[in-house]
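The values are calculated or read from the model by the stated rules, or taken from the named source; none is laboratory data. From a predicted model like this one, the values you see are computed outputs, not experimental measurements. Here the Cβ positions follow ideal geometry from the backbone for every residue, glycine too, while neighbour counts run over all protein chains shown. Ligands, DNA and RNA are stripped out before the accessible areas are found, and what is left, the full protein with its side chains, is counted by its heavy atoms. Shrake-Rupley method; radii C 1.70, N 1.55, O 1.52, S 1.80 Å.
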Amino acid sequence: MTSSTSVKRKPVLAKPDLAAEANFFLEHMGWPVSIDVTHKRLVVRTGDALDAFRIPRALAEPVALELSSSLMAGPVSRDDDDRWWTFITERRQRANVELLHKLRAARVHATPPGGQLVVPPVTNSSAWWHLPQPGRPLPPWSAVVGIARRVIARNR
């Protein structure tokens, strides 16, 4: 006899093949992604092939939508709690650029050159708001800054 109550279980996701994922990013995106064996994750150093911003979701969503409508959508990943989004951009032109106070006050954080950026596997589509697209250029660093500033000014 079977019970009419069933236990709902969270689906078990297959662990990504980190070597294959790192290879995808290198071959198709030109990102020198490496494997952090200790934490079982992918990382890339900023300032060489790309740069990045972490933005709180409330600000990140309108920024991502405006980038998309301006035909500058780029890869945007989300943290596990969907509280912070990471915008991956082309490498900034100057290494010592400091974010304006308005951006820092809105909790926008630029990953410093030489910093480590955790990159979710592309097979984990739920970790991405917008997946990396092979052959598509990354949005300019300055464009993400400009759009974030516009969104902040509009929301005042």
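For Pro132, the conditions (1) in contact with a helix residue (DSSP H, G or I) (Cβ under 9 Å, 6 or more places away or on another chain); (2) of a type outside the set (A, V, I, L, M); (3) closer than 22 Å to Asp17 by Cα; (4) surrounded by fewer than 18 Cβ atoms within 10 Å (Cβ to Cβ) all hold with the exception of (4).
Kindly indicate which of Pro62, Pro75, Pro121, Pro113 is farther than 16 Å from Arg149 by Cβ, in contact with a helix residue (DSSP H, G or I) (Cβ under 6 Å, 6 or more places away or on another chain) and in contact (Cβ under 8 Å) with a residue 24 or more places away in the chain.
Details: Pro62 fails: farther than 16 Å from Arg149 by Cβ; Pro75 fails: in contact with a helix residue (DSSP H, G or I) (Cβ under 6 Å, 6 or more places away or on another chain); Pro113 fails: in contact with a helix residue (DSSP H, G or I) (Cβ under 6 Å, 6 or more places away or on another chain).
Result: Pro121 is the single residue among Pro62, Pro75, Pro121, Pro113 that is farther than 16 Å from Arg149 by Cβ, in contact with a helix residue (DSSP H, G or I) (Cβ under 6 Å, 6 or more places away or on another chain) and in contact (Cβ under 8 Å) with a residue 24 or more places away in the chain.
For Glu21, the conditions (1) within 16 Å of the chain's Cα centre (by Cα); (2) over 14 Å from Val145 (Cα atoms); (3) open to solvent by 70 Å² or more (accessible area, probe 1.4 Å); (4) not small (Gly, Ala, Ser) all hold with the exception of (3). Pairing residues of the range 145-156 that are farther than 14 Å from Gly74 by Cβ and open to solvent by less than 100 Å² (accessible area, probe 1.4 Å) with residues that are assigned to a helix (DSSP H, G or I) and charged (D, E, K, R), at Cβ distances under 7 Å and at least 6 apart in sequence or on separate chains, gives Val151/Glu66; Ile152/Lys102. Looking across the range 24-35, the residues that are within 18 Å of the chain's Cα centre (by Cα) and either under 15 Å from Pro134 (Cβ atoms) or assigned to a strand (DSSP E or B) (or both) come down to Phe24, Phe25, Leu26, His28, Met29, Gly30, Trp31, Val33, Ser34, Ile35.
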